[in-house]
Amino acid sequence: MNRREFARLAALAGSAAVFPGALDIDINAAPLRPAPPAPDENFWRDVRAKFLVPRDVAFFNAANLCPTSLPVLDALDRAARAYEANPSPEARSTLMANGREAARKMLAEALRVTLEEIVITRNTTESNNTVSSGLDLKAGDEVVVWADNHPSNLNAWRQKATRFGFTVVSVPVPPSHPGADGYVDLFTKAFTPRTRLVAVTHVSSNSGDLLPVAEICAAARSRGILSLVDGAQAFGVIDLNLATMQPDFYTGSMHKWPCGPKEKGLLYVRQAVQDRLHPSVVGVYGGAVGISRTFETHGQRDDVGIAAVTEGLKLQGTVGRAAVEARSRQLAQALIEKLGRLDGVKLWTSRDPARSAAIVIFQPGSLDPRKLNGALAQNDKIVATARTGDHNPGLRLAPHFYNTMEDVDRVVSAIGKYLKTGV
Ligand SMILES: Cc1ncc(COP(=O)(O)O)c(C=O)c1O
């Protein structure tokens, strides 16, 4: 693609106006402090300064892709330079292996599980597929999937069912959040004596629904059914405790809510079920401990990027994972409350914080979502996601710990304006 084509596509997407080229870099060298008990907007502005997205851009695209934080970018640069200055067998086997194992340690801490249960993958897509390709499932076996799962946790199961002969049973998407018990009922109704696994999503990117995954995993476990939870929209924003949730498999991406390096992912495999999963990729240079020894033998990898995972997790760990979750939820609740007051707005995401996390989806009256999204980018420097199609059409706003209350007010005011004037 040449420059002109790129510029044309960027303009179409509205991003030329949002990211005009001149980088407004303000590297705040001061290390972040832990969030105080009641952090004010100044604290969150310091967090905002750890990201390169220009200050005048209100960025609400976390459910799609998060910006990588400055400490991660610095770590990538430092580690790449060190490695390229010394691409020796020693550097490969020690320096980079140490970085990878440090990343594993931080992942295990963040999830409250053991090192032996962590596999570092490329992304949630790969992690989900490692599970659907790796179990011994055959004709007569059933896998229960949620119809709202991401294609890597839905179509992947359907494709593998065709290949291995097992059956996929879909749990329908309810019109609105039916409550925790309602969701548990929907899944347990689909369980039969032939069910071997349930594949579910922690937070839906299509509705913002937070699912009662601990309860669904428990219901599965009590029937001898394995559970896979896709945490792409939860890891890095919800303060996770897999030791209490007890899924058999949990998946996530570093480039989403953890604000880490791109193309790095997480697969958690509970110790007790590790002997039931087979690797599809068999090579050399596996991880140092537990299941990573057999599930990370991918040959030469992006060791520099894997090592930089540590910095992303450290940043959120310093602020405090509970504080990151509380802040994202506070921003989402403010959006829900303020958007809900605008004439014509129909919220698809539940107003109840027990039923949602940090994704807010709504229909902006009769405005065309794509046009509205373009206008927000072009005129107001606001990055959102347009949802077209029949299922919850409208806009998706996904605030994170780098957003400010000012961002919230800006987007609500801009949407209010377009509802009155049209786009
Ligand atoms: C629920 C869910 N699962 C999986 C994915 C895929 O993530 P990745 O592209 O990082 O593999 C997404 C992406 O948005 C998602 O929302």
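The values are calculated or read from the model by the stated rules, or taken from the named source; none is laboratory data. Quick caveat: nothing in here was measured; it's all calculated off a predicted structure. All Cβ positions, even for glycine, are placed from backbone atoms using ideal geometry, and neighbour counts span all protein chains on display. Side chains included, ligands, DNA and RNA excluded: accessible areas come from the protein's heavy atoms. Shrake-Rupley method; radii C 1.70, N 1.55, O 1.52, S 1.80 Å.
Observations on the model:
- Length-normalised contact order of the chain in % [C-alpha pairs under 8 Å, at least 6 apart]: 23
- Taking a straight Cα-Cα cut-off under 15 Å and skipping sequence neighbours fewer than 8 places away in the same chain, the aspartates and glutamates within cross-link reach of residue 417 are 343, 368, 380, 409.
- Structural descriptor for segment 26-130: relative contact order 15 percent, calculated from alpha carbon pairs under 8 angstrom and at least 6 residues apart.
- Share of carbon and sulfur in the accessible area of the chain stands at 53%, probe radius 1.4 Å.
- Cleavage-rule hits (chymotrypsin sites (Phe, Trp or Tyr not before Pro)) in segment 58-103: DSSP loop, at most 12 neighbouring Cβ within 10 angstrom: none
- Here each label is just a point 7 Å from Cα along the line to Cβ, and for residue 326 and residue 378 those points are 4.2 nm apart.
- Accessible area expressed per residue, segment 375-423, with surrounding protein chains retained (probe 1.4 Å, Å²): 38
- 3J(HN,Hα) couplings calculated from phi for segment 182-196 with the Karplus curve 6.51 cos²θ - 1.76 cosθ + 1.60 (θ = phi - 60°) are, in sequence order, x, 5, 4, 4, 4, 6, 5, 4, 7, 6, 9, x, 8, 5, 9 Hz; Gly and Pro show x.
- If you sort 150, 298, 400 by accessible surface, 1.4 Å probe, largest first, the order is 150, 298, 400.
- Relative contact order (%) - segment 203-310, alpha-carbon pairs under 8 angstrom, separation at least six: 18
- Given 189/346; 50/420; 105/262, the pairs whose alpha carbons are separated by over 28 Å: 189/346; 50/420
- Centre-to-centre separation between the Cα atoms of segment 68-108 and those of segment 260-287: 19 Å.
- Net length gained if the chain between residue 167 and residue 421 were fully extended (0.36 nm per residue, minus Cα distance): 86.3 nm
- Set of lysines with alpha-carbon distance to residue 138 below 16 Å, sequence-local pairs under 8 removed: 160
- J(HN,Hα) series, segment 321-337, from Karplus relation 6.51 cos²θ - 1.76 cosθ + 1.60, nearest Hz, glycine and proline x: 5, 5, 5, 4, 5, 4, 5, 4, 5, 4, 5, 5, 5, 5, 4, 4, 5
- FRET efficiency, 1/(1 + (r/R0)^6) with R0 56 Å, evaluated for residue 390 and residue 282 via beta carbons: 0.85
- Taking a Cβ cut-off of under 12 Å around residue 112, the surrounding Lys, Arg, Asp and Glu residues balance to a net charge of -2, with basic ones at +1 and acidic ones at -1.
- If R0 is 51 Å, the Cβ-Cβ spacing of residue 33 and residue 139 corresponds to a FRET efficiency of close to 0.35.
- The chain - charge dipole about Cα centre, Lys and Arg +1 at Cβ, Asp and Glu -1, debye rounded to 20: 580
- Label positions at residue 263 and residue 409, each projected 7 Å from the Cα along the C-beta direction, are separated by 4.2 nm.
- Take the convex hull of the alpha carbons in the chain; its mean projected area over all directions comes to 21.2 nm².
- The amide H of residue 357, built 1.01 Å from its N in the peptide plane, has 210 as neighbours under 5 Å, considering only residues 5 or more places off or on other chains.
- Quarter of the Cα convex hull surface for segment 166-213, i.e. its orientation-mean projected area (nm²): 3.6
- Peptide packing for 210-216, 225-231, 153-159 was compared via the average number of neighbouring C-beta atoms within 10 Å per residue; ordered from the highest value, the list is 225-231, 210-216, 153-159.
- Between residue 41 and residue 85, the FRET efficiency from the beta-carbon distance, with R0 = 45 Å, is close to 0.60.
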